Amino acid sequence: MRSRVWGGTAVVVLGGLLVAGCGSGVKGASDGGSEKAGRAGSGDYPVSVTDCMGDKTTFSEAPKKIVTSNASSLELLLRLGAGDKVIGTGFPPGKGVLPGALDAQAQKVSVLGKGVIPKEKILGSGADLYVDTFAAMGGMGGGGMGDVPTEAEYKAAGIKHIYLKSTACAARSKSPVTDLSAVEADITSLGAVTGTSAKAKELVAGMKEKVDAVRKAVGDTPEGKRPTYFFFDYEAGTKQPTVICNRQVANAVITLAGARNVFADCDSDRKQVGWEDVIAKNPDWIQLGVRNRGSEAANKKAFEEAQRWLETNPATKGLKAVKVGHFLRIGSEQTTIAGVENADTVEAIAKTLYPGKVG
């Protein structure tokens, strides 16, 4: 199991959540599509969802007390209007990280762990649902995520355990991730589980509208003429770059924005490479991947640090994008973590790469 942690968020890529079919459109929980997952309205139960291995979890009613593993699943529940049911979280978002009213709501949620929630706190939380972004099928023992409950222990404590499939299943995907359908499926499924399907439908429609507008504006650009793009994961360290491969949601964000991820030939979610590999790719544009520090001033400082490193490091200062100042200051979370803001990032990248074409 591999993990990636940035302050308020974490992604681990083995396991799954919500709605049968990784990276596909919304289906029922069974292969035949006979269950109601993804189309349930408020009070329309039972609802069944599956993990990456196809194991099914069924809800006869909406959960009343929810614990989230980190900020990404917490944010989705807040956006769905189910935030009043969240009684605790791990990897909490820093103050000011989430926009507007979402931030105020998030700060009221009890922090059960600044990182991974300790096993005893999950089992003793009183929750009836744990939404897990980390995920490792068969348990995460020895995977660097600490001592976590077994499925038998979740069951004994009366806690249903489900996963964010768009992140948990990413590395298991059989093909490159080039759209946001898995993210949209997570939102739809969480809406079905929590009885907030109407809001889920609204959120997904808003995402589709933004992405479709970008596709319409840049879709006629031939593949070979689309600018090449490198996501510089500054948070992962600079000694050896960690790059975005074609199984990560960021690959979809970059592709939908009309760019070419320079490491899209890597059949994984992330991979460590050498700086010589980045130099060989010589990207047209570089996104400065830093996490949200909670304030505009702190974010600006972090972006400047990342840019300065590229401009002064002997291995990178000669890159084409660095020489001409082709940098994008867009946060890591909204690019690499599944959420509503993935669509906003598609739009933001496209506006920079195709000035005048994208409104």
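The values are calculated or read from the model by the stated rules, or taken from the named source; none is laboratory data. Please read these numbers as outputs of a predicted model, since none were measured by experiment. When we count neighbours, we look across all protein chains shown, and the Cβ atoms used for this are built from the backbone with ideal geometry, even at glycine.
Would you confirm whether or not the stretch 254-262 contains a residue that is charged (D, E, K, R) and out of contact with any Leu (no Cβ under 8 Å at 6 or more places or on another chain)? Scanning the stretch 254-262 turns up at least one residue that is charged (D, E, K, R) and out of contact with any Leu (no Cβ under 8 Å at 6 or more places or on another chain). If you go through the stretch 227-242 and keep only what is of a type in the set (Val, Ile, Thr) and farther than 15 Å from ALA280 by Cα, you end up with THR238, THR242. Step by step: first the residues of the stretch 76-91, then only those that are outside any helix (DSSP H, G or I) and over 15 Å from the mean Cα position of the chain (by Cα), then the one that is farthest from LYS64 (Cα to Cα). Which residue is that? For the stretch 76-91, the residue satisfying everything is GLY90. Residue check: is LYS56 of a type outside the set (S, T, N, Q), in the same structural domain as ILE159 (by TED's automatic domain parsing) and at pLDDT 95 or above? Here the answer is no, as LYS56 does not meet what is asked. Among the conditions (1) aliphatic (A, V, I, L, M); (2) free of Cβ contacts under 8 Å to residues at least 12 places away in the same chain; (3) within 24 Å of GLN287 (Cα to Cα), ALA205 misses just one, which is (3).
This table checks each residue for (1) surrounded by fewer than 24 Cβ atoms within 10 Å (Cβ to Cβ); (2) among the basic types (Lys, Arg); (3) over 15 Å from the mean Cα position of the chain (by Cα).
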{"position": "LEU180", "(1), (2), (3)": "no, no, no"}
{"position": "LEU190", "(1), (2), (3)": "no, no, no"}
{"position": "LYS201", "(1), (2), (3)": "yes, yes, yes"}
{"position": "MET207", "(1), (2), (3)": "yes, no, no"}
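The single residue among GLU276, GLU304, GLU347 that is at pLDDT 95 or above, of a type in the set (Asp, Glu), farther than 30 Å from GLY94 by Cα and assigned to a helix (DSSP H, G or I) turns out to be GLU276. Selection of the stretch 65-112 for residues being small (Gly, Ala, Ser), touching a residue at least 24 places away in the same chain (Cβ under 8 Å) and farther than 19 Å from ALA192 by Cβ yields SER69, ALA71, GLY88, GLY90, GLY94, GLY96, ALA106.
Counting only residues that are surrounded by fewer than 24 Cβ atoms within 10 Å (Cβ to Cβ) and either of a type in the set (A, V, I, L, M, F, W, C) or under 11 Å from the mean Cα position of the chain (by Cα) (or both), the stretch 165-178 holds 1 of them. Of all the listed residues (ARG247, ARG226), the sole one being of a type in the set (Lys, Arg) and surrounded by 21 or more Cβ atoms within 10 Å (Cβ to Cβ) is ARG247. Sort out which residues of the stretch 313-343 are touching a residue at least 12 places away in the same chain (Cβ under 8 Å), surrounded by fewer than 18 Cβ atoms within 10 Å (Cβ to Cβ) and in a helix (DSSP H, G or I), and write them in order of number. Correct list: LYS320 only. Within the stretch 283-312, the residues that satisfy the criterion of being among the polar types (S, T, N, Q) and free of Cβ contacts under 8 Å to residues at least 40 places away in the same chain are ASN299, GLN307, THR312.
With the checklist (1) under 25 Å from ARG172 (Cβ atoms); (2) touching a residue at least 60 places away in the same chain (Cβ under 8 Å) in hand, flag the one item PHE263 doesn't pass. Result: PHE263 fails condition (2) only.
The listed residues are LYS210, LYS225, and the only one of them that is of a type in the set (D, E, K, R) and without any contact (Cβ under 8 Å) to a residue 60 or more places away in the chain turns out to be LYS225.
Results for (1) assigned to a loop (DSSP other than H, G, I, E, B); (2) hydrophobic (A, V, I, L, M, F, W, C); (3) at pLDDT 95 or above, shown as yes or no for each residue.
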| site | (1), (2), (3) |
| --- | --- |
| GLN105 | no, no, yes |
| GLU120 | no, no, yes |
| TYR130 | no, no, yes |
| GLY138 | yes, no, no |
| ASP147 | yes, no, no |
| GLU153 | no, no, yes |
| ALA171 | no, yes, no |
| ALA182 | no, yes, no |
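Filtered by the rule that a residue be in contact with a strand residue (DSSP E or B) (Cβ under 8 Å, 6 or more places away or on another chain), in a loop (DSSP other than H, G, I, E, B) and polar (S, T, N, Q), the stretch 212-248 gives GLN240, ASN246, GLN248.
The residue list ILE159, ILE187, ILE244 contains one member that is modelled with pLDDT of 95 or more and closer than 20 Å to ARG270 by Cα, which is ILE244.
Checking the structure you have, find out if any residue of the stretch 264-279 is among the hydrophobic types (A, V, I, L, M, F, W, C) and under 24 Å from GLY356 (Cβ atoms). Checking the stretch 264-279: not a single residue is among the hydrophobic types (A, V, I, L, M, F, W, C) and under 24 Å from GLY356 (Cβ atoms).
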